[in-house]
Amino acid sequence: MSTALRDELFQVLAVRGAKLMGVGDLRGIVDGDLTTGLSVAIPLPKHVVQDLQTAPTEEYYHLYHSLNAQLNGIVEAGAAFLREQGYQAQANTTTSVQIDEDWRTPLPHKTVATRAGLGWIGKSCLLITEAYGGAIRLSSLVTDAPLPLNTPIGESRCGSCEICVKSCPAHALTGALWEAGMPREAFFQRETCKKTQLERMKLATGIDADLCGLCFAVCPYTKRYLRE
């Protein structure tokens, strides 16, 4: 395993804005040679998250898409760097990853993130991190490069907290505690969530988009980030 290669790669990602980075073992999850996953995350600005505790905002809508674009650039740069070193690498960008009608992708960013030790799946069905709570956007890449692996996280750290569950305006969250391998349906009702997101965003901004953000905005881990 090459620590120097990882450090160079992380520098490439950091100068483009990545704040959390980790490497995970994806063997048993993906087929083929690209079984090492790199996860990256960018936090949302604090004032945007504060506003989401009241209602979705137009600023959040535009930020959501601009951060996705920034993340695309970050993982594309990371994949290009690894290919320059002679390894295979594929960036899982919003333009290359297909999302089906059931909101599923072949390799979810959240799966890569938990394997890379960035966080766990909260009762909100979103990735929760120690540093930023759920106030992040994620992306990932896969490679065959011999990168040192982070320790994966395989179970929830939410404990008995149910703030996101009780705050959900759709009542779409079940309150289940995550363990690696659990089906998404154990956590939330997708259609109910989407319907309420559309309603809240339209009412607050006039924009037709399924964005809400309340569940991660009220998370105690997120609020700790807002206080720091």
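At a glance:
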| item | result |
| --- | --- |
| Residue in region 205-217 that is within 18 Å of the chain's Cα centre (by Cα), open to solvent by 40 Å² or more (accessible area, probe 1.4 Å) and either closer than 27 Å to PHE10 by Cβ or free of Cβ contacts under 8 Å to residues at least 24 places away in the same chain (or both) present | yes |
| Selection from region 135-151 of residues that are in contact with a Leu (Cβ under 6 Å, 6 or more places away or on another chain), open to solvent by 40 Å² or more (accessible area, probe 1.4 Å) and either in a loop (DSSP other than H, G, I, E, B) or small (Gly, Ala, Ser) (or both) | ASP144 |
| Filter result (aliphatic (A, V, I, L, M), open to solvent by less than 30 Å² (accessible area, probe 1.4 Å), under 17 Å from the mean Cα position of the chain (by Cα) and within 15 Å of ALA77 (Cβ to Cβ)) within region 1-59 | LEU13, ALA18, LEU38, VAL40, ILE42 |
| Filtered residues of region 128-151 (kept if in contact with a helix residue (DSSP H, G or I) (Cβ under 7 Å, 6 or more places away or on another chain) and over 11 Å from TYR221 (Cβ atoms)) | ARG137, LEU138, SER139, SER140, LEU141, THR143, ALA145, LEU147, PRO148 |
| Tabulated pairs, region 108-121, first among the aromatic types (Phe, Trp, Tyr), second assigned to a strand (DSSP E or B), C-beta under 7 angstrom, 6+ apart or interchain | TRP120/ILE128; TRP120/GLU155 |
| Residue list for region 152-192, filter: assigned to a helix (DSSP H, G or I), under 18 Å from CYS219 (Cβ atoms) and out of contact with any Leu (no Cβ under 8 Å at 6 or more places or on another chain) | ILE163, LYS166 |
| Scope region 18-44; condition touching a Pro at 6+ places or on another chain (Cβ under 8 Å) and acidic (Asp, Glu); matching residues | ASP25 |
| Among the residues listed as ALA209, ALA135, the single one being small (Gly, Ala, Ser), touching a strand residue (DSSP E or B) at 6+ places or on another chain (Cβ under 9 Å) and closer than 28 Å to TYR61 by Cβ | ALA135 |
| Strands (runs of 3 or more DSSP E) wholly inside region 1-109 containing at least 3 residues that are touching a strand residue (DSSP E or B) at 6+ places or on another chain (Cβ under 9 Å) and at positive phi | none |
| First in region 136-164 and within 11 Å of GLY24 (Cα to Cα) and hydrophobic (A, V, I, L, M, F, W, C), second anywhere and open to solvent by 50 Å² or more (accessible area, probe 1.4 Å) and in a helix (DSSP H, G or I), Cβ under 6 Å, 6 or more apart | LEU147/ARG6 |
| Near pairs, Cβ below 6 angstrom, 6+ apart or cross-chain, from region 167-183 (closer than 25 Å to GLY117 by Cβ) to any residue that is open to solvent by 20 Å² or more (accessible area, probe 1.4 Å) and assigned to a loop (DSSP other than H, G, I, E, B) | GLY175/GLU162; LEU177/SER156; TRP178/SER156; ALA180/GLY154 |
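The values are calculated or read from the model by the stated rules, or taken from the named source; none is laboratory data. These numbers come from a predicted model, not from an experiment. Cβ: placed from backbone, ideal geometry, glycine included. Neighbour counts: every protein chain shown. Areas reflect the complete protein model, heavy atoms only, side chains present, ligands, DNA and RNA absent. Shrake-Rupley method; radii C 1.70, N 1.55, O 1.52, S 1.80 Å.
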